[in-house]
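Visitor: The structure under discussion is supplied below as structure tokens; questions concerning it will follow.
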Amino acid sequence: MQITWAKLAEQVSECTACPLCESCTQKVMGQGDPKAPLMLIGEGPGEQEDLQGEAFVGRAGELLTNMLKAIDLPRSRVYICNTVKCRPPKNRTPKPDELEACRPHLLNQIALVKPRAIFLLGSTAVRVMLGPQYRITQCRGQWFERSGIKIMSTFHPAALLRDPRRKHETWADLKMVRQQLKDDGLYPDLLP
Ligand code: SF4
């Protein structure tokens with residue numbers, strides 16, 4: 001029997017499968033349209049996400065909202081989550097065993113949303129979804145497919161805040177996502 005959103009929320013809130021739950025304030029499962037055609041996956045909750053319980057808030061979240069606006073996509077029409085649901089201490093990159101422990105939750109989210117496309121934000125999401133041999137600098141700007149779902153990747157908004165020179169590459173990736181959604185007949189239904 002397929003998992004439900006309520007069951008998944010319960011599993012995540014009770015999860016102690018890796019040590020990250022010992023230091024986080026709360027679990028951050030993700031939020032957005034539960035039937036979104038486009039799903040975004042980042043790395044893990046940062047300080048503000050950990051405090052507020054939502055994925056992609058704070059400066060990186062604001063930038064993500066603006067990135068979506070630039071392709072006429074309201075944030076409320078996508079589903080946004082992270083590879084791990086608990087904040088890694090001092091925002092360090094999640095370790096391979098932590099990513100592996102949290103992977104079932106992410107796969108359940110994908111199974112529930114059933115997105116037409118996934119947009120990976122940053123190298124951790126790329127490694128989890130495409131494989132450890134993939135690097136963001138090599139695979140961004142190209143479509144991949146896993147289990148019938150198209151996958152595009154780009155730089156994490158936090159990385160763009162640190163190095164704005166990458167913004168033009170991200171804009172090119174965003175335009176490819178918009179074109180794919182258009183080709184799939186999903187625009188203008190997604191517009192506000
Ligand atoms: Fe569980 Fe994921 Fe939190 Fe680890 S990061 S405790 S696997 S919910």
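The values are calculated or read from the model by the stated rules, or taken from the named source; none is laboratory data. Small disclaimer: the values here were computed from a predicted structure and weren't measured. FYI the Cβ positions are ideal-geometry reconstructions off the backbone, even for glycines, and counts take in every protein chain you see.
Visitor: What pairs come up if the first residue lies in segment 84-110 and is in contact (Cβ under 8 Å) with a residue 40 or more places away in the chain and closer than 24 Å to I3 by Cα, the second is within 12 Å of the ligand (Cβ to nearest atom) and among the acidic types (D, E), and their beta carbons are under 9 Å apart, counting only those six or more places apart or on different chains?
Guide: Once the first residue is in contact (Cβ under 8 Å) with a residue 40 or more places away in the chain and closer than 24 Å to I3 by Cα and sits in segment 84-110, its partners that are within 12 Å of the ligand (Cβ to nearest atom) and among the acidic types (D, E) give V84/E43; V84/E98; C86/E22; C86/D50; C86/E98.
Visitor: Here's something else I'd like to know. Take the residues of segment 1-33 that are surrounded by fewer than 12 Cβ atoms within 10 Å (Cβ to Cβ) and assigned to a loop (DSSP other than H, G, I, E, B): which is nearest to the ligand (Cβ to nearest atom)?
Guide: T16
Visitor: Identify all residues within segment 58-83 that are assigned to a loop (DSSP other than H, G, I, E, B) and at pLDDT below 95; write none if there are none.
Guide: Step one: filter segment 58-83 for residues assigned to a loop (DSSP other than H, G, I, E, B), giving 71-74, 78, 83.
Selection gives I71, D72, L73, P74.
Visitor: Here's a follow-up. Only one of (1) under 24 Å from P37 (Cβ atoms); (2) within 16 Å of the ligand (Cβ to nearest atom); (3) surrounded by fewer than 18 Cβ atoms within 10 Å (Cβ to Cβ); (4) in contact (Cβ under 8 Å) with a residue 60 or more places away in the chain is not met by D72, so which one is it?
Guide: D72 satisfies all of (1) under 24 Å from P37 (Cβ atoms); (2) within 16 Å of the ligand (Cβ to nearest atom); (3) surrounded by fewer than 18 Cβ atoms within 10 Å (Cβ to Cβ); (4) in contact (Cβ under 8 Å) with a residue 60 or more places away in the chain except (2).
Visitor: Just to check your reading of the model, which residue among L40, L121, L107 is surrounded by fewer than 18 Cβ atoms within 10 Å (Cβ to Cβ) and either of a type in the set (A, V, I, L, M) or within 11 Å of the chain's Cα centre (by Cα) (or both)? Step through it out loud before you land on a result.
Guide: Values: L40 fails: surrounded by fewer than 18 Cβ atoms within 10 Å (Cβ to Cβ); L121 fails: surrounded by fewer than 18 Cβ atoms within 10 Å (Cβ to Cβ).
Among L40, L121, L107, only L107 is surrounded by fewer than 18 Cβ atoms within 10 Å (Cβ to Cβ) and either of a type in the set (A, V, I, L, M) or within 11 Å of the chain's Cα centre (by Cα) (or both).
Visitor: For segment 90-104, which positions are surrounded by fewer than 19 Cβ atoms within 10 Å (Cβ to Cβ), within 12 Å of the ligand (Cβ to nearest atom) and within 17 Å of K27 (Cβ to Cβ)?
Guide: Filtering segment 90-104 for residues surrounded by fewer than 19 Cβ atoms within 10 Å (Cβ to Cβ) gives 90-93, 95-97, 100, 103-104.
Remaining after also requiring within 12 Å of the ligand (Cβ to nearest atom): 95, 97, 100, 103-104.
Result: R103, P104.
Visitor: Any residue at all in segment 49-59 that is crowded, with 20+ Cβ neighbours inside 10 Å and touching a Gly at 6+ places or on another chain (Cβ under 6 Å)?
Guide: The answer is yes, given that some residue of segment 49-59 is crowded, with 20+ Cβ neighbours inside 10 Å and touching a Gly at 6+ places or on another chain (Cβ under 6 Å).
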